[in-house]
Each structure stands twice: as structure tokens, then as C-alpha cells.
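Enquirer: Below you will find the structure I want to go over with you.
The values are calculated or read from the model by the stated rules, or taken from the named source; none is laboratory data. It should be emphasised that the depicted structure is a prediction, and the values quoted were computed from it without experimental measurement. Cβ coordinates were reconstructed from backbone atoms using ideal geometry, including for glycine residues, and neighbour counts include every protein chain displayed.
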Amino acid sequence: MWWCASWRSYERRNEENTDIVAKVSDVRAMGGGATMSAGLEHIATDNLGERLRIARDAAKLTQAEAAASAGLARTTLVAIEHGQRRVRMEELRTLARLYGTTVNGLSRRDAIHLDLAPQFRKLGGAVDPVVEDATRLLADLVSAEVELENLLGIQRTRNDPPRRPILPGDVTIQAEQDATELRQWLGIGAGPVLDIVSLLELRIGARVFVRQFDGKISGAFAFDDAVGACILINGNHRPERRAHTAAHELGHFVSTRDRPDILRDGPPGQARSERYANAFASAFLTPARTTMQLFQDITAGSSHLSRRHVILLAHMFGVSREALVRRLEALKLARPGTWDWFQDHDGITDVQARQVLGDAAGQDSVPPVSQRLNLLAAEVWRRELLSEGQLARLLRMDRVALRAMLDDLEPAGDEAADALRLRG
Amino acid sequence: MGTIVLDASVIINLNASRIADAVLAAWPGRVVIVEDTLLELREDIRSGRNDAAMVAGLIASGRLTRGTLNEAGLRLFESLVIGPAAETLDDGEAATIAFAAVAGASPVIDERKGRRIGQNRFPSLTFLNTTDLFAADAVQAAIGAAALGDAVFQALRDARMRVPPERLGWVVAAIGRDRARLCPSLPASVRDP
């Protein structure tokens, strides 16, 4: 099932001691700024009020609940959120703690605040806390990445693929054509895509985050003209499933990018956009002609499709064994119901995969994390633009995990050589 | 030695060393942790380290004293957390420095940016780091070289403790060259000279 929510980019102050707000898209052009810290009285009340509202919303508190917990009159909190009353430091500390954030996180001038929750809630019906958490995680990580880019003065290169709205007719046929066209547009030929996260990040310029969260959610997608495509992938899932989620979200980027989505675990949804995205993922990861060719090569001389065939082909494409068999069925290379037959006869197990693939069976063909955000964070830390505490909060990481990541990304001693210096 | 104020980065290292109680017991002065740092540690329950529980035990036993910012401390805190990202600190780091500045104490903070900003703003304060605690004469005398070497190694290995350049020699001497090779948070030049 797909849940859709519109994406909303929030704004930030850009110049010291002014009330000017700028859209996220304008932030990079501003640069500069004060080198000295400023007090609370210098922050625009409407800006801080909006940030407090977003933080309260993320903490899932009503104004009445938040005001009662903070010892404020509800009317006072309303006035603060509307910028009609300046919040005092003691009040700001209390509210920050109540909302699970910090004064620095709320008032740091460069902080970016993106909010998905209100648009999602407009869908109506029961609100699922798991979906809300995933949506918030995506918004937080995008905010973090934009803030890091701004701190480093980096202009992100985007390469948004052409839009291909879903047309009347068979969506699976359109998805097959669109996936082939996108491969041509990217110039990646018809071979297996072994690292779709890097493809999305580096070739398309999407913001991709692989994080561990509730297994009921496979991934999420949102798009904004200012920040581009944003994709969250569940790091708790197996590599081949993560690849499918990434390709599925890519399908939404191509076809329905103006509607943010959350991909839930479970049987495939029946909405046309959902069927399109699944067909697109399958066609993109296992292109028809290449699949037919490899199938012919691997099954040469065989009279039956074996588990070994499935294991080898799935491994070559970096997809799940189920996805591979269903693709063979769709391409009429295997009889309808083949996957169900395997399921009814003890399936195809990881033990069998290890017997066929040996050491390669355990290799993670999809990197466990997206690298770009980590590289930005390491550079910001190296330049002392953010502290360990600020970075840990920004990236929603445990401090020791953050230290380990920073250590891993530290250049080797000999990499400081002039010969390796990048041209400016 | 006077009063010291511990930042979260230091608490994490002490917890990983497994001798936090002995270090603080040997420290010849009052040891404080501010409310903001306590909250920060309580939030971090997913890590499995349970730093907050260790701190609660140290407070209960009197090794650690809770500190609260007064009016003057709050003003300093405000000046450290509000402003451009490059010139501000997170709440725990800022509160640690603000409390120390008002109390005339020494902040213990391993974070480079925190130390830089703190030293620029409060040049009269003596900023310490975790290795300064381990290397204090009183702590070395109370714990002994072998146990201290094990503790420092555990802080390096399990918490990726940061070591300032001036303490690298002491750290390698304490843990030995073989174990230094196993510590990714030490510079490559020290791990593999």
C-alpha cells in the first residue's frame, strides 16, 4: 500500500539579525554570515516560532499538551509559534527538551527544517506512528544533508530524469519502456546494476539514505523542486530487497514525483502507480533482453529450471530469488506459478545459495549505507564546522557510531600528499 | 586540582574504560555533570552502553555532582548555542563550558570544536580532556599502570576515544605499541609508525 503526502520545504533565515527568510533553494547563494554568536533576541520571532511548531508537530504533541507540560498557557504557546511573542531562554530550553531536541538544534542559524507530517496527515484516516517516524527520519536526514552542503558551500549536481507520467493502458508495458529509456538516458547499457544506491546518488543526484528502522516500512520517496529527489531505504532489509526498494522509488521519481510515498511491507499494492513502480523496478533491475540472454546461457542443455539456475541468475542481477523467478514468469521464460511451486517444495534456501555461490553468497552487493552524507559529515567535522554533539544529533546517530564512521573516513596518512590535492 | 565539569564525550569514554568510579574517586577535586549532559545521555538509550545508568550510579554514590546553570550561566549558554553553526555548540557541550566558566572550574571536553570555541571565549579556563583524567598523578597512583593501560585501551577500542597530539606519547606508553595498532581512533602515524 502506498501512502502519499505532499512535500513541503521550509525556510530559514539567511542573514544575521534580520527577518529575511529564504527558500531552501536560495540558501546556497547567500553564504557569508556572522562569525560571532548571537543572542536569542536577535532571532526573528516568526522564524523561531515556526521551527518550534515543526518540532512540536514532530513530537506529536498538541499545543494544549505541549503548553501544559511546559507550564505555559496555551495562548502563550500559540503566540510564540505565531511569532507574536518572543520566547524566553528558560521557556525555549523547556520546550526543546519536551520536543526531544536542543536549543541549538532549534535556533542554529544554518539549521534546515523540513516537514512532511502535515501533508501526510491530510490523507485522513488513522495515522500510523511507524509511517510518521519514517517520514520524520527522511525529513531529518534531508535537512541534515542540505545543512552540511550549505556549510561546505557545495552546490549539489542534479540530473533529474525526464518525467514520464502514467498513461492509459497497461502500466507494466509502459514501465518496461520507461525503464529501458532511462537506462539509455543514463548510458548504463543493459547489464546488471550492482550498486543502485550509488547510481541514484551520483548519476541522478538523488538524496538517498539507508538507515535501519521499523521493518514494516521498506522505503520512502519525496521530491521537492529545491532539494530534489529524496529516498529512504530500510537498512534492516536484505541487500537485494533494498535494491528493489531503491528501483521502486526510482519508478515513482520517473512517473509520480510530485506525490511523496511510503512503501510498506506486504503484498504489492494494486493502485496503478504502485503496479507501475513495481514493474519499473523489475524491468530496471532485470532488463528483458539481458535476462533472456543470461537465462539462455545458464540453462543451456537443461530440461528444467533448477534452484541452482535461480540462485545464479538472482546473484548476477543482485535481486531476490523471488523477484528473479517472477521476472522469468513475466518474460515467459518460466511457466506461470513457478515461484509458487518452489515455495510449496521447501523453497530456495540460503544454505542452498551458499552451496552454489560459496563465499560470494555472503557478499553485500549493495553498500549498507549511502556514502555522500557520511563524506559531507566527515568534512564538516574535519573543518570543525560542527561538533561531535551537533553532528550526532543532526545525523541521528549514536556518538560512538559517529566516531567510528569519522575514523573510517579519515584519509590515510599518505593521502595528504600534494600529488593527490584536488584542483580548485 | 579544582572542580571539573564532564561533557558527554568524556562520560562515554569513562564508561568504556570500565573504571569510571575509580577514576573519579581518585580525582582530587569535585566532579560535576550538568543537567543538559544528563538529558543527552538519557536520550541515547539505543546505543546499549547505558551511559546514563552509569552516571546515575556515580551521582548516587557521591562521585558526581549534578550542576544546574544559574542566571549568569544561562546567559553564557545562550551565547554559545545561538548563532551560526560554525560558531555554536550543542546544548550539552555549551552548558558544560558555561557552568565551568561561572564556577571557575575546568571543563573536560574531548571535542576539538568545543575546545576551540571554549578557549577562545574563556581563555582563563583550563580545558582538560579524558586522557588528562587518566594521566593525573593521583589517578595513576590509585589505579596502577597495568589496570590503567587496560582501561585506556578499552576506551580507545570501544568508545573510539579521541587523543590530543600532546597526549599521544603517554597513551601509547600506557597501552603498548601492540595494542595501539588496534585503535582506529589513533592517528595512522601512531598505529603504524
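Enquirer: Please verify whether the range A:263-279 includes one or more residues that are over 22 Å from A:Leu328 (Cα atoms) and buried (at least 22 other Cβ atoms within 10 Å of the Cβ).
Expert: yes
Enquirer: A further question on this structure: Going by what's in this entry, would B:Arg42 be described as surrounded by fewer than 17 Cβ atoms within 10 Å (Cβ to Cβ) and either within 12 Å of another protein chain (Cβ to nearest Cβ) or touching a residue at least 40 places away in the same chain (Cβ under 8 Å) (or both)?
Expert: Yes.
Enquirer: Which one of the conditions (1) within 14 Å of chain A (Cβ to nearest Cβ); (2) assigned to a helix (DSSP H, G or I) does B:Met161 fail to meet, given that it meets all the rest?
Expert: Failed condition: (2).
Enquirer: Search the range B:182-193 for residues that are touching a residue at least 12 places away in the same chain (Cβ under 8 Å) and pair each with any residue that is of a type in the set (A, V, I, L, M) and in a loop (DSSP other than H, G, I, E, B) when their beta-carbon atoms are under 9 Å apart and the residues are at least 6 apart or on different chains.
Expert: B:Cys183/B:Met161; B:Cys183/B:Val163; B:Ser185/B:Met161; B:Ser185/B:Val163; B:Leu186/B:Val163; B:Pro187/B:Val163; B:Val190/B:Val163
Enquirer: Looking at (1) facing chain A (nearest Cβ under 9 Å); (2) in a strand (DSSP E or B), find the lone condition where B:Val32 falls short.
Expert: The number of the failed condition is (1).
Enquirer: Let me ask you something else. Looking at the range B:87-107, which of its residues are part of a loop (DSSP other than H, G, I, E, B) and either surrounded by fewer than 24 Cβ atoms within 10 Å (Cβ to Cβ) or under 14 Å from the mean Cα position of the chain (by Cα) (or both)?
Expert: Answer for the range B:87-107, where residues must be part of a loop (DSSP other than H, G, I, E, B) and either surrounded by fewer than 24 Cβ atoms within 10 Å (Cβ to Cβ) or under 14 Å from the mean Cα position of the chain (by Cα) (or both): B:Gly104, B:Ala105.
Enquirer: List every residue pair whose Cβ atoms lie under 6 Å apart, where the two residues are 6 or more positions apart in sequence or sit on different chains, the first residue falls within the range B:84-98 and is more than 7 Å from every other protein chain (Cβ to nearest Cβ), and the second residue, located anywhere, is of a type outside the set (A, V, I, L, M, F, W, C) and outside any helix (DSSP H, G or I).
Expert: Short answer, once both residue conditions are applied: B:Thr96/B:Asp7; B:Thr96/B:Pro107; B:Ile97/B:Pro107.
Enquirer: Any residue in the range A:99-107 that is within 13 Å of another protein chain (Cβ to nearest Cβ), without any contact (Cβ under 8 Å) to a residue 60 or more places away in the chain, not aromatic (Phe, Trp, Tyr) and not in a loop (DSSP other than H, G, I, E, B)?
Expert: The answer is yes, given that some residue of the range A:99-107 is within 13 Å of another protein chain (Cβ to nearest Cβ), without any contact (Cβ under 8 Å) to a residue 60 or more places away in the chain, not aromatic (Phe, Trp, Tyr) and not in a loop (DSSP other than H, G, I, E, B).
Enquirer: Separate question: Filter the range B:77-86 down to the residues that are assigned to a helix (DSSP H, G or I) and in contact with a Leu (Cβ under 8 Å, 6 or more places away or on another chain) and list them by number.
Expert: Within the range B:77-86, B:Phe77, B:Glu78, B:Leu80, B:Val81, B:Ala85, B:Ala86 qualify.
Enquirer: Inspect the range A:251-262 for any residue being in a loop (DSSP other than H, G, I, E, B), among the acidic types (Asp, Glu) and not assigned by TED's automatic domain parsing to the domain that holds A:Ala323 and give the result as yes or no.
Expert: If we filter the range A:251-262 for residues that are in a loop (DSSP other than H, G, I, E, B), which is where we start, we get A:256-260.
From what is left, the residues that are among the acidic types (Asp, Glu) are A:258.
Those still in the list that are not assigned by TED's automatic domain parsing to the domain that holds A:Ala323 too: A:258.
Yes, because at least one residue in the range A:251-262 is in a loop (DSSP other than H, G, I, E, B), among the acidic types (Asp, Glu) and not assigned by TED's automatic domain parsing to the domain that holds A:Ala323.
Enquirer: Hey, among A:Val193, A:Val208, which residue is surrounded by 21 or more Cβ atoms within 10 Å (Cβ to Cβ), touching a Lys or Arg at 6+ places or on another chain (Cβ under 9 Å) and part of a loop (DSSP other than H, G, I, E, B)?
Expert: None of the other options fit; the residue is A:Val193.
Enquirer: Checking A:Asn374 against (1) within 14 Å of chain B (Cβ to nearest Cβ); (2) surrounded by fewer than 19 Cβ atoms within 10 Å (Cβ to Cβ); (3) touching an Asp or Glu at 6+ places or on another chain (Cβ under 9 Å); (4) not hydroxyl-bearing (Ser, Thr, Tyr), only one condition comes out false. Which one?
Expert: It is condition (1) that A:Asn374 fails.
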